[in-house]
Amino acid sequence: MVAHATATDAVGRASKLVWPQRPRAWSAGRAQRRAVVAYVVALLIWQLGSTSPRWLGYPLPWISHVPTPGSVAVAWARLVSDPGYWRSWGASFVRVLVGFSAAVVTGVPLGLLMALSRPVRAVVFPVFELLRPIPPLAWVPAAIIFWPTQELSIDFVIFIGAFYTMVLNALGGADGIDPRLIQVARSMGASRWNIFHRLVLRAVVPSILVGMEVGIGITWEVVVAAEMISGGGSGTSTASGGGLGFFIWNSYVGGSYPQIVVGMASIGIAGFLSSAALRLAAARFTRWTAAR
């Protein structure tokens, strides 16, 4: 047994010498190079597909009707100097921030409350499960009717989009705690507040952050559709910035198809930046999960 263990250790050390561990900086650089290659390939496919009637002789399905990357770039360069475009960015960002923050502030406590209290869970969870399958966009007509302004209606629909995700992640994270840990803490005289603050809350934080990352993506999907349906809010126009969703719809009505792609790309960038910010926050506030 000792000889076998020694031989295994020797093989492991030798493999590290032959195949040394790659530094994180090198791995990150390789990932960035792969991302650049992926973007270049996607742009090439886009260019070939949108120009297929010229070089292939017949249009490819669907993609041949998409504006070329060059026309989109020209439209985007023109919009960069348009204040209304940036006001649309700001309007959508504020709506996402308001609705998402409300979902976090209400959804996380509700999920923890259902996890820690069986009576509350028995009463609330059936109603929650009944409402959860309803798509957020199905709430748009009701929100427009019951809320006094279209702005509040949009915020409410965004809130619905992230609320269920936050509740489920908080509930699932709390349910995943080993009950023996709580029993040990109680046997050592820990109060309920200490158990919640030092054990439950810290164990649930990773699940909450994952729910936030998923929820922020849903909010950007919902805000665009809500702005399209409601007209971008009360008293808005293209010049004043009615949100990116309203910008896309207005571009479609005006027949400016490159601007539609610009709006879609803008939403993708906004969602990517929001998710990246949350991932950075998750890496900072859950450093213990990365320890090996």
Only one residue in Gly111, Gly107 is of a type in the set (Gly, Ala, Ser), over 19 Å from Trp220 (Cα atoms) and in a helix (DSSP H, G or I), so which one is that?
-> Gly111
Return a yes/no flag: does region 227-235 have any residue that is open to solvent by 10 Å² or more (accessible area, probe 1.4 Å) and at pLDDT 85 or above.
-> no
Restricting region 274-292 to residues that are loosely packed, with under 12 Cβ neighbours inside 10 Å and modelled with pLDDT of 80 or more, which is nearest to the chain's Cα centre (by Cα)?
-> Ala276
Condition check for Arg95: farther than 17 Å from Gly271 by Cα, in contact with a helix residue (DSSP H, G or I) (Cβ under 6 Å, 6 or more places away or on another chain) and among the charged types (D, E, K, R) | no
Scanning for something open to solvent by less than 60 Å² (accessible area, probe 1.4 Å), at pLDDT below 85, out of contact with any helix residue (DSSP H, G or I) (no Cβ under 6 Å at 6 or more places or on another chain) and not hydroxyl-bearing (Ser, Thr, Tyr), does region 65-81 turn up at least one residue?
-> no
Listed residues Ala174, Ala162, Ala138, Ala170; which is without any contact (Cβ under 8 Å) to a residue 60 or more places away in the chain, among the small types (Gly, Ala, Ser) and part of a helix (DSSP H, G or I)?
-> Ala138
Of the residues Phe125, Phe146, which is free of Cβ contacts under 8 Å to residues at least 40 places away in the same chain and either closer than 30 Å to Met228 by Cα or not assigned by TED's automatic domain parsing to the domain that holds Ala281 (or both)?
-> Phe146
Output the number of residues of region 209-223 satisfying the condition of being open to solvent by 20 Å² or more (accessible area, probe 1.4 Å), among the aliphatic types (A, V, I, L, M) and touching a Gly at 6+ places or on another chain (Cβ under 9 Å).
-> 2
Any residue at all in region 54-63 that is touching a residue at least 12 places away in the same chain (Cβ under 8 Å) and either under 27 Å from the mean Cα position of the chain (by Cα) or outside any loop (DSSP other than H, G, I, E, B) (or both)?
-> yes
Does Pro133 meet the test of being of a type outside the set (Gly, Ala, Ser), without any contact (Cβ under 8 Å) to a residue 24 or more places away in the chain and more than 15 Å from Thr165 (Cα to Cα)?
-> no
Mind checking which residues of region 114-124 are surrounded by fewer than 14 Cβ atoms within 10 Å (Cβ to Cβ) and either at pLDDT 90 or above or in a helix (DSSP H, G or I) (or both)?
-> Arg118, Pro119, Val120, Ala122, Val123
All but one of (1) loosely packed, with under 12 Cβ neighbours inside 10 Å; (2) at negative phi hold for Gly189, so report the exception by its number.
-> (2)
Any idea which residue in region 188-216 is farthest from Pro136 (Cα to Cα), counting only those that are part of a helix (DSSP H, G or I) and among the small types (Gly, Ala, Ser)?
-> Ala203
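The values are calculated or read from the model by the stated rules, or taken from the named source; none is laboratory data. Just so it is clear, the model here is predicted, and its values are computed rather than measured. Heads up, the Cβs are rebuilt from the backbone with ideal geometry, glycines too, and the neighbour counts pull from every protein chain shown. To get the accessible areas, we keep the full protein, side chains included, count just its heavy atoms, and leave off ligands, DNA and RNA. Shrake-Rupley method; radii C 1.70, N 1.55, O 1.52, S 1.80 Å.
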